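Scroll down for the structure; my scribbles are underneath it.
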Amino acid sequence: MNVITLLLSATSQGMLWSLLAIGVYMTFRILDIADLTAEGSFPLGGGIAAIGIVNGMHPVLATLFAFGGGMLAGLVTGILNTKFKIPALLAGIITMTGLYSVTSRVMGAPNIALLGESTVFTAAQDMGLSKNNAVILVGALIVLLVILLLVLFFRTEIGLAVRATGDNPDMSEANGIKTENMKLLGYMISNGSIALSGALLAQNNGFADLNSGVGTIVIGLASIIIAEVLLHNKPILVRLITIVAGAIIYRFILALVFEMNVEPTDSKLASAIVLVICLSLPQIRSKFTFKTKKKGADANATSIKN
C-alpha cells in the first residue's frame, strides 16, 4: 500500500475518531476530569445506530439517536459524580460497567452487521466517490459542524461558565455559577460526541461490536497530546482543529506500523508502543525546549562576558 493510500485511509478514520477525541477533551482538559464513561458510551453509540439502521430507521436519525444515548450516559455519570459525590474516576467506571449490559440489551447480540445497509456515507458514495473519499467528505462536514457548534457554545454565558468551572470550581461557585449543573452539561456533551464517533465508525466499518470501546479513552488522549505538541495555549477553535489533526496523525502512525507485517497477535502490543510514544511527546518536547533555552542563555552569558 502506497503512502497516498495510507494517508487517505488514516484521514478517513481519523476524521471519525476525532469526534471521540473532542469528547474526551471536553472532560479531560476543559472540566479537568478523568472520565472513563467513554469506553461505554462509544459502543453504545455504535449499537444504537446499528440497531436503528437494520430496523429501517434513516441513518441520519439513527446517528442522532446514538448522540442522544451518549448524552444520557454522560448524564448518569454526572449525577453519580455531582449529586451522589462519587469520585469522577469511580463514577465513570461504574457507568462504563453498567453500559456494557445496556448496550448488550440494545443490540441483542455481541455484534450487528451493517453490510448492504444504507449509512450516512451512502449518499456520497452514490455520487461516484470512493468509500474513503465519501467518509472524508461526510466526516469533515460533521466534524466542522460539531466544532462550529462547540465554539459558538463556548462563547455563550453557559459555555463560559462551563470553562470557568473547569478552571476554578471554588471561585466559580463563589461567583454564583451552579458548578454541578455545568459539570452535568459537560459530561453530556462529551459523551454525546463520543457516542456520535462510535455510531459513525460502526457505519464506516460495516458492523457494531459490543467490545469496541476497549482502549478508546487512551486513543482520545493520544490524539489530544499530539495536538498539544503541535500547538498549545491557543484559542478553543484552533485547539479543536488541532485535535482533528492529532487523530489523523495517530491513525497514520498506526497504519505505518501495521504495514510492517506485524503479526495479528502483536497488533495490541504495537498499538501500545505507539501510544507510549505519543503520550511521551510532551515530556520530550519540554526537555528539548529546556536544552535549547539553556544553550541560548549560555551563549548570551558568554557574549556579555566578552
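Some observations on this one:
- Counting residues in region 177-194 that are surrounded by fewer than 24 Cβ atoms within 10 Å (Cβ to Cβ), aromatic (Phe, Trp, Tyr) and either at pLDDT 90 or above or over 12 Å from the mean Cα position of the chain (by Cα) (or both) gives zero.
- Contact map, region 101-112: residues that are exposed (fewer than 10 other Cβ atoms within 10 Å of the Cβ) paired with residues that are part of a helix (DSSP H, G or I), Cβ distance under 7 Å, separation 6+ or inter-chain. No pairs are found.
- Taken as a whole, the structure places Leu64 among residues that are under 22 Å from Leu145 (Cα atoms) and either open to solvent by 10 Å² or more (accessible area, probe 1.4 Å) or not β-branched (Val, Ile, Thr) (or both).
- Any hit, region 116-127, residues being more than 21 Å from Met57 (Cβ to Cβ) and modelled with pLDDT under 95: yes
- Within region 18-36, the residues that satisfy the criterion of being open to solvent by 30 Å² or more (accessible area, probe 1.4 Å) and either under 9 Å from the mean Cα position of the chain (by Cα) or more than 14 Å from Glu228 (Cα to Cα) (or both) are Asp32, Ala34, Leu36.
- All of Ala123, Ala109 fail the test of being part of a helix (DSSP H, G or I) and aliphatic (A, V, I, L, M), apart from Ala123.
- Cβ separations smaller than 6 Å between residues 6+ apart or across chains give the following pairs from region 4-26 residues that are touching a residue at least 40 places away in the same chain (Cβ under 8 Å) to residues that are part of a helix (DSSP H, G or I) and of a type in the set (Phe, Trp, Tyr): Ala10/Phe252.
- All of (1) touching a helix residue (DSSP H, G or I) at 6+ places or on another chain (Cβ under 6 Å); (2) of a type in the set (S, T, N, Q); (3) surrounded by fewer than 17 Cβ atoms within 10 Å (Cβ to Cβ) hold for Asn168 with one exception: (1).
- Within region 262-279, the set of residues being under 19 Å from the mean Cα position of the chain (by Cα) and either at positive phi or not hydrophobic (A, V, I, L, M, F, W, C) (or both) comprises just one member, Ser271.
- Residue check, Ile248 among the β-branched types (Val, Ile, Thr), within 24 Å of Arg29 (Cα to Cα) and at pLDDT below 85: no
- Residues that are open to solvent by less than 10 Å² (accessible area, probe 1.4 Å) and closer than 30 Å to Ser118 by Cβ, drawn from region 70-91: Gly70, Ala73, Gly74
- Any hit, region 50-62, residues being touching a Pro at 6+ places or on another chain (Cβ under 6 Å) and either among the polar types (S, T, N, Q) or part of a helix (DSSP H, G or I) (or both): yes
- Here region 1-17 is the region considered, the condition is being under 18 Å from Asn204 (Cβ atoms) and of a type in the set (Val, Ile, Thr), and the residue that is surrounded by the most Cβ atoms within 10 Å (Cβ to Cβ) is Thr11.
The values are calculated or read from the model by the stated rules, or taken from the named source; none is laboratory data. Fair warning: this is a prediction, and the values are worked out from it, not measured in the lab. Every residue, glycine as well, gets a Cβ built from its backbone with ideal geometry; the counts of neighbours run over all protein chains shown. Ligands, DNA and RNA are excluded from the accessible area calculation, which covers all protein heavy atoms including side chains. Shrake-Rupley method; radii C 1.70, N 1.55, O 1.52, S 1.80 Å.
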